[in-house]
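The values are calculated or read from the model by the stated rules, or taken from the named source; none is laboratory data. What you see is a predicted model; the values in this text were computed from it and never measured. Glycine gets a Cβ as well: all are built from the backbone with ideal geometry, and neighbour counts include every protein chain shown.
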Amino acid sequence: MENFMFTHAGMEWNEDRGYVCEDFGFVLDGATSLLGENYTNFATDAEWYSNRWCEYLKVALKDKSKSILSILEEGFESIVEEYKNIAGGRSTKDFPGSTVSIVRENGEEIEMYVLADSPILIQDKFGDICIFADTRNNANDFVIHGIVRELAMKEKINVTDARKIHPEKIMDGRLKSNKFGGYYVLSNSKSALKFGFYQTMPKWLAKKIILMTDGFAQIYEVFKFMSPEEIAKKLNSASDAEKMFNKLVSLQQKDRFGNKFVRFKTTDDSTVVVMNFN
């Protein structure tokens, strides 16, 4: 069975990026600036940022003599400097950010690296399932969701409107990124890369590995209409991924104001990469 990818925008543009080839795959989920500034020629600077990293990693991950961490550190130097040059001295207080999750075959091992909330679902040859994830920002999101829901109840408005009226609450959470006690993400802090989670497993043990941005992961994390085990069993082609996404969107639209399933966007960008192993 071949490796494949599926991606779909949540709105008019897509800040996710994904890629898969014979021996590695990755997903990136860009985070939109909350300052309303846009310096690049993309729909958002976050889309530029995830796209720039995507183009870099497509090439850089081929060099298996270099560790995943060293590849990210080298890319950081050039990409961050490039963005600053585009900004031309203007404020970069709310720097573009992105999650990054990478899976790479390297000899007889499979390497996995996760920074921020884009989980990796692993199915071994015995059918057992494991979720490899960085969930540090989930606690931060939980608090922000709770605060916004409380404001919505007090002001007798829906959760979506409460987020629009009180954007400072979202910014409070964003400013905890790449700080002790907060969460870590691919942004303007090189030291944050060392806080990513790295793991290896024997290649012979793997059957299927699925990398997801959190938009696609809502299938089992938020709306819970499929379990990780069901996803691993039924996700065998890009058309399967599209069917799952369409089901997710239909549920999101039924709860379009986010009152039941509290989340930051009605419909988020969704990307999934699937790697199959003999």
Seminar exercise, completed: Filtering region 222-273 for residues that are crowded, with 18+ Cβ neighbours inside 10 Å, assigned to a loop (DSSP other than H, G, I, E, B) and of a type in the set (S, T, N, Q) leaves a count of 1
Problem set entry | Residues located in region 4-49, provided they are in a loop (DSSP other than H, G, I, E, B), in contact (Cβ under 8 Å) with a residue 12 or more places away in the chain, within 25 Å of G88 (Cα to Cα) and small (G, A, S) | S33, A43
Problem set entry | Counted residues, region 200-221 - those being assigned to a strand (DSSP E or B) and over 11 Å from the mean Cα position of the chain (by Cα) | 8
For this session: Report yes if some residue within region 155-169 is within 22 Å of the chain's Cα centre (by Cα), surrounded by fewer than 21 Cβ atoms within 10 Å (Cβ to Cβ) and under 25 Å from T40 (Cα atoms); otherwise report no.
Result: yes
Problem set entry | L186 at pLDDT below 85 and within 19 Å of the chain's Cα centre (by Cα) | no
For this session: Among the candidates T44, T32, single out the residue that is touching a strand residue (DSSP E or B) at 6+ places or on another chain (Cβ under 8 Å) and β-branched (V, I, T).
Result: T44
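Conditions tested, residue by residue: (1) under 15 Å from the mean Cα position of the chain (by Cα); (2) of a type in the set (S, T, N, Q).
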residue	(1), (2)
S78	no, yes
K84	no, no
G88	no, no
T99	yes, yes
R104	no, no
E108	no, no
E111	no, no
Q123	no, yes
